[in-house]
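Novice: Can you keep this structure in mind? I'll have questions shortly.
The values are calculated or read from the model by the stated rules, or taken from the named source; none is laboratory data. Predicted, not measured: the structure shown is a model, and the values here were computed from it. We place every Cβ from the backbone using ideal geometry, glycine too, and count neighbours over all the protein chains shown.
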């Protein structure tokens with residue numbers, strides 16, 4: 001696997017931004033960001049290495065905190081995968097889901 005593949009297969013770009021910090025700031029951030037995010041160090045470490053196909057997600061509020069720390073314009077800059085985009089035209093074009101199918105999968109209570 002090429003070095004570039006290691007970056008592109010990550011779900012989030014948190015590690016990429018961490019590595020851009022000066023060494024002393026990197027050490028402080030790696031140690032204290034989990035405290036600021038109110039998550040364990042282990043959870044934070046997992047977030048750094050999540051792959052795109054992973055089911056695990058970082059919540060939007062945590063991404064917002066990380067985004068502000070790195071002084072990014074939005075949390076979108078941390079996300080390393082395509083996000084589906086919809087507008088009213090696309091929503092109107094979508095077919096309505098079959099209510100029986102929804103009931104069959106027990107998606108409503």
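Novice: Looking at the stretch 35-59, I want the residues that are closer than 14 Å to residue 15 by Cβ and have a partner that is modelled with pLDDT under 95 and loosely packed, with under 14 Cβ neighbours inside 10 Å with Cβ atoms under 6 Å, at least 6 apart or on another chain. Which pairs are those?
Specialist: Note: pairs meeting the criteria are 50/56; 52/81.
Novice: Something else: Would you mind listing the helices (runs of 4 or more DSSP H) fully within the stretch 2-44 where at least 2 residues are modelled with pLDDT of 95 or more and within 17 Å of residue 71 (Cβ to Cβ)?
Specialist: Numbers: elements: 3-8, 14-19, 23-37.
In the stretch 2-44, 14-19, 23-37 are the helices (runs of 4 or more DSSP H) which contain 2 or more residues that are modelled with pLDDT of 95 or more and within 17 Å of residue 71 (Cβ to Cβ).
Novice: For residues in the stretch 60-88 being touching a residue at least 60 places away in the same chain (Cβ under 8 Å) and more than 18 Å from residue 26 (Cα to Cα), which is surrounded by the fewest Cβ atoms within 10 Å (Cβ to Cβ)?
Specialist: 81
Novice: Find the residue count for the stretch 52-67, including only residues that are outside any helix (DSSP H, G or I) and modelled with pLDDT of 95 or more. Spell out the reasoning first.
Specialist: Let us first name the residues in the stretch 52-67 that are outside any helix (DSSP H, G or I), namely 52-59.
Of the ones still in play, those that are also modelled with pLDDT of 95 or more are 58-59.
Residues in the stretch 52-67 being outside any helix (DSSP H, G or I) and modelled with pLDDT of 95 or more: 2 in total.
Novice: Any residue in the stretch 68-77 that is touching a helix residue (DSSP H, G or I) at 6+ places or on another chain (Cβ under 8 Å), within 19 Å of residue 10 (Cα to Cα) and assigned to a helix (DSSP H, G or I)?
Specialist: Scanning the stretch 68-77 turns up at least one residue that is touching a helix residue (DSSP H, G or I) at 6+ places or on another chain (Cβ under 8 Å), within 19 Å of residue 10 (Cα to Cα) and assigned to a helix (DSSP H, G or I).
Novice: Looking only at the stretch 87-98, count every residue that is modelled with pLDDT under 80 and assigned to a loop (DSSP other than H, G, I, E, B) and tell me the total.
Specialist: Residues in the stretch 87-98 being modelled with pLDDT under 80 and assigned to a loop (DSSP other than H, G, I, E, B): 5 in total.
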